[in-house]
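Chemist: This is the structure, below, for whatever I ask next.
Derivation of every value follows stated rules applied to the coordinates shown; laboratory data play no part. Fair warning: this is a prediction, and the values are worked out from it, not measured in the lab. Virtual Cβ from ideal backbone geometry, glycine too; neighbours counted across all protein chains shown.
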Amino acid sequence: MVGNILKKRACNKDIKSFKKLIKHALVRDDDILTDSSKEEIKKIQTELFKLNSVDREKAMSSLTKLSTRFNKVMPSKNWKIVREYAEIIVVALTVAFGVRALYIQPFKIPTSSMQPTLFGIHYVDKNVVPDIFQPINYALYSTQRAKLITDTGGSFNGFYPPFARYVIFPWSALEIGMTKYSLPGTQQKVSEYCFESLPKSNGGYRFPDNYSLSNGWLSQGDHLFVNRFSYHFSNPKRGDIVVFTTEGIYNDATGKELSEIGFYYVKRLIGMPGDTLKVINNVIQVKTAYSNKFIPITNFNIKAINRIYSDKGGYQGHFAVGRFAEGKEVKIPDNSYFMLGDNSFASSDGRYWGFVPKRNIVGKAFFVFWPFTRRWGIADSAKPLNVPTVIEKDCLRPYIPAMRLQ
């Protein structure tokens with residue numbers, strides 16, 4: 001008696017599962033089933049609903065026949081496992097791109113304009129990088145070995161055409177004497193870390209045997225997530241690090257649109273709509289839309305901005321150049337913002353190309369996810385290194401100890 005009840009229950013379970021399978025197939029494979037196949041499956045579905053487990057043996061026999069008919073009309077599933085994994089990958093990528101479009105977006109810092117808060121691609125001395133073999137070193141610190149010691153002396157004869165190593169990494173080849181060498185980075189970046197500090201004679205650069213032209217690492221810059229979501233519910237705030245598009249923004253000197261250089265820029269928001277700004281002794285003075293007098297920007301007690309005026313760890317204040325000549329007032333239009341780089345000496349920012357329309361705002365810097373340096377974690381949260389910023393008098397450039405992997 002108990003055995004018959006259990007068998008009927010199992011039969012009912014099989015019928016119920018088959019009903020779900022047919023219902024799912026009609027929805028899932030609607031685009032690949034022919035009209036005749038759909039009609040046959042619907043007939044099977046109708047007959048299936050008439051089955052019951054009162055006569056279990058008859059029900060199981062009918063279920064087997066219906067299952068055979070169903071399998072014949074369904075499209076063949078070649079490479080079933082491959083297809084299933086492909087579907088999983090497509091769904092995962094769809095979700096990932098959806099999240100990227102609506103909530104967070106990865107972004108790479110390309111230049112030094114935000115140092116020492118965020119680092120772009122930069123050369124790092126050998127003695128400050130942990131001695132870990134590749135690819136572990138790259139995985140942790142985003143660094144590639146940049147070592148060039150001349151085998152034989154000779155003159156620098158120029159660069160070869162650039163090439164990509166491992167498909168994605170830009171490398172440059174150059175010739176010294178009769179020997180070809182290769183280093184990580186674009187030709188411009190290699191020129192910076194190899195030749196920028198060298199005196200150039202009338203005959204160009206010449207090097208003796210065993211000359212160390214570079215013996216360090218090239219870091220690929222900080223990678224961060226940008227919060228695209230919060231600005232849908234609140235306006236950007238003074239002091240935020242903001243990623244924006246450069247469409248419709250033009251360089252004063254060249255007259256060219258910034259998007260020809262880079263479509264995305266990252267800077268710190270310094271001026272709000274309606275503000276009037278000026279620089280006095282490398283300190284920004286602000287007159288808001290609701291005030292009739294200027295006050296130092298440090299009076300707003302914004303921790304991130306006050307850090308820029310700490311004169312520590314490479315922070316240097318804001319230099320008066322371009323539209324921001326000493327004492328010159330700049331009025332910010334409605335629905336626009338004024339952006340500056342933290343590395344005021346080496347930043348192409350609002351001083352040269354003006355204002356960023358609100359429509360260009362992408363999001364706020366949120367989290368540095370790579371490399372694993374002292375800046376890893378919540379963006380803009382690391383304190384400045386407790387060493388004074390020293391301006392090199394020969395070139396008025398700040399010496400930034402934070403340019404090392406600390």
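Chemist: Assigning unit charges at the beta carbon (Lys, Arg +1; Asp, Glu -1) and nothing else, what dipole magnitude in debye, to the nearest 20, does segment 284-349 show about its Cα centre? Walk me through the numbers on the way to the answer.
Modeler: Numbers: 8 positive and 6 negative charges, 35 e Å.
That gives segment 284-349 a dipole magnitude of about 160 debye.
Chemist: Sticking with this structure for a sec: Using mean Cβ contacts within 10 Å as the protection proxy, how do 229-242, 138-151 order, highest first?
Modeler: Numbers: 229-242: 15.5, 138-151: 17.7.
Those peptides, ordered most packed to least, come out 138-151, 229-242.
Chemist: Pull up the cross-link candidates among the lysines for Lys43, meaning alpha carbon to alpha carbon under 27 Å and not fewer than 8 places away within one chain.
Modeler: Partners found: Lys7, Lys8, Lys13, Lys16, Lys19, Lys20, Lys23, Lys58, Lys65, Lys72, Lys77, Lys80.
Chemist: While we're looking at this one, here's another question. State to the nearest 20 debye the size of the charge dipole of segment 221-333 about its Cα centre, where the only charges are +1 on K and R beta carbons and -1 on D and E beta carbons.
Modeler: On the way: 15 positive and 10 negative charges, 91 e Å.
In total the dipole reaches around 440 debye.
Chemist: Using θ = phi - 60° and the Karplus relation 6.51 cos²θ - 1.76 cosθ + 1.60, list the HN-Hα couplings for segment 371-379 in order, rounded to whole Hz, with x at every Gly or Pro.
Modeler: Ordered by residue, 3J(HN,Hα) equals x, 8, 9, 5, 8, 5, x, 4, 4 Hz.
Chemist: Within segment 125-219, count lysine pairs with alpha carbon atoms under 19 angstrom apart where the residues are 8 or more positions apart or belong to different chains.
Modeler: Numbers: Lys126/Lys147; Lys126/Lys189; Lys147/Lys180; Lys147/Lys189; Lys180/Lys189; Lys189/Lys200.
Value for segment 125-219: 6.
Chemist: Oh, and also: Under 15 Å from the 7 Å Cα→Cβ point of Lys303, by amide nitrogen: which residues of segment 229-245?
Modeler: Output list for this probe position: 239-241.
Chemist: List, in the order given, every pair from Lys278/Lys364; Lys331/Lys383; Lys256/Lys293; Lys237/Lys328 whose Cα-Cα distance in the structure shown is over 28 Å. Please report the intermediate quantities before stating the final value.
Modeler: On the way: Lys278/Lys364 25 Å; Lys331/Lys383 32 Å; Lys256/Lys293 35 Å; Lys237/Lys328 24 Å.
Violating the 28 Å limit, Cα to Cα: Lys331/Lys383; Lys256/Lys293.
Chemist: Please order Arg359, Arg268 by the number of other Cβ within 10 Å, starting at the fewest. Don't skip to the answer; put the middle values down first.
Modeler: On the way: Arg359 11, Arg268 25.
Listing Arg359, Arg268 from fewest to most nearby Cβ atoms yields Arg359, Arg268.
Chemist: Can you sort Val124, Val387 by how many other beta carbons sit within 10 Å, fewest first? Could you put the intermediate results ahead of the total?
Modeler: Details: Val124 20, Val387 13.
So the residues, fewest neighbours to most, are Val387, Val124.
Chemist: Here is a further query. Shape call for segment 223-403 from the C-alpha gyration tensor, a ≥ b ≥ c root eigenvalues: rounded (a/c under 1.5), prolate (a/b greater than b/c) or oblate?
Modeler: Details: a/c = 1.30, a/b = 1.06, b/c = 1.22.
Judged from the Cα gyration tensor, segment 223-403 comes out rounded (a/c under 1.5).
Chemist: In addition: If we count other beta carbons within 10 Å of each Cβ, what is the order of Ile44, Ile332, Ile136, fewest first? If you can, show how the numbers build up before the last one.
Modeler: Values: Ile44 18, Ile332 21, Ile136 10.
Fewest-to-most ranking of Ile44, Ile332, Ile136: Ile136, Ile44, Ile332.
Chemist: Also, quick follow-up: Just how far, in whole angstrom, is segment 145-172 from segment 234-306 if you go by their alpha carbon centroids?
Modeler: Each part reduced to its Cα centre gives a spacing of 39 Å.
Chemist: Please list, ordered by chain and number, the residues whose modelled amide H lies under 5 Å from the amide H of Asn215; skip anything fewer than 5 residues away on the same chain.
Modeler: Hits under the 5 Å cutoff: Leu148.
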